[in-house]
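Okay, structure first, notes after.
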Amino acid sequence: MSKFIKINILSAVLTLVMFSSWIFNMGWYRVVGSWLLIPIFHPLWLFFTNNIATVFISKNKIIKYPLIAVNITFLLPHLLIYDGGDMGEEYIFFHLIENSRIATISTYFGIIALLLHIIAIITVIVLIIIQSLKPKNKID
């Protein structure tokens, strides 16, 4: 199985978990996020980053580690940031945990994961740019 198929299968599984978390945790934040097309753009960005980085992993093994961080931190904000309706307590983790205090604490971790996700994507992009700007070794 080629590395592109493997990375696309991983991206598809992460996207399915993200969509199921998005649906089961549906509340006001996710309704607003849906109108902003977050569940569409975020997985597309993941597929784009994974496929572009996969081309450069064979040339520079350092890209592999930030790419792993991108994949891990892609899912965490969707699982950890709470949501809620008009009544009742906030809920997280596929609507299985309904506790305002735990939801607030997990939201802090979700926001940290989101920031780490952005940093990991920037790191991957910078490493790809550096790798693409390196001069090619020519045999004379």
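The values are calculated or read from the model by the stated rules, or taken from the named source; none is laboratory data. Just so it is clear, the structure is predicted and the values come from calculations on it, not from any experiment. Backbone-built Cβ (ideal geometry, glycine too); neighbour counts: all protein chains shown.
Looking only at the range 49-61, decide whether some residue is under 11 Å from the mean Cα position of the chain (by Cα) and either part of a loop (DSSP other than H, G, I, E, B) or modelled with pLDDT of 75 or more (or both).
Yes, the range 49-61 contains a residue that is under 11 Å from the mean Cα position of the chain (by Cα) and either part of a loop (DSSP other than H, G, I, E, B) or modelled with pLDDT of 75 or more (or both).
Condition first: within 13 Å of the chain's Cα centre (by Cα) and not hydrophobic (A, V, I, L, M, F, W, C). Now tell me which residues in the range 1-20 satisfy that.
Ser11, Thr15
Among the hydroxyl-bearing types (Ser, Thr, Tyr) and either touching a Leu at 6+ places or on another chain (Cβ under 6 Å) or modelled with pLDDT under 75 (or both): is that true of Tyr65 in this structure?
no
Need the failing condition index for Tyr82 against (1) closer than 17 Å to Val124 by Cβ; (2) buried (at least 18 other Cβ atoms within 10 Å of the Cβ); (3) modelled with pLDDT under 75; (4) not polar (S, T, N, Q), just the number.
Status for Tyr82: all satisfied but (1).
Test of understanding: among Thr107, Thr123, Thr15, which residue is of a type in the set (Val, Ile, Thr), at pLDDT 75 or above, within 20 Å of Phe4 (Cα to Cα) and touching a helix residue (DSSP H, G or I) at 6+ places or on another chain (Cβ under 9 Å)?
Thr15 is the lone residue from the list that is of a type in the set (Val, Ile, Thr), at pLDDT 75 or above, within 20 Å of Phe4 (Cα to Cα) and touching a helix residue (DSSP H, G or I) at 6+ places or on another chain (Cβ under 9 Å).
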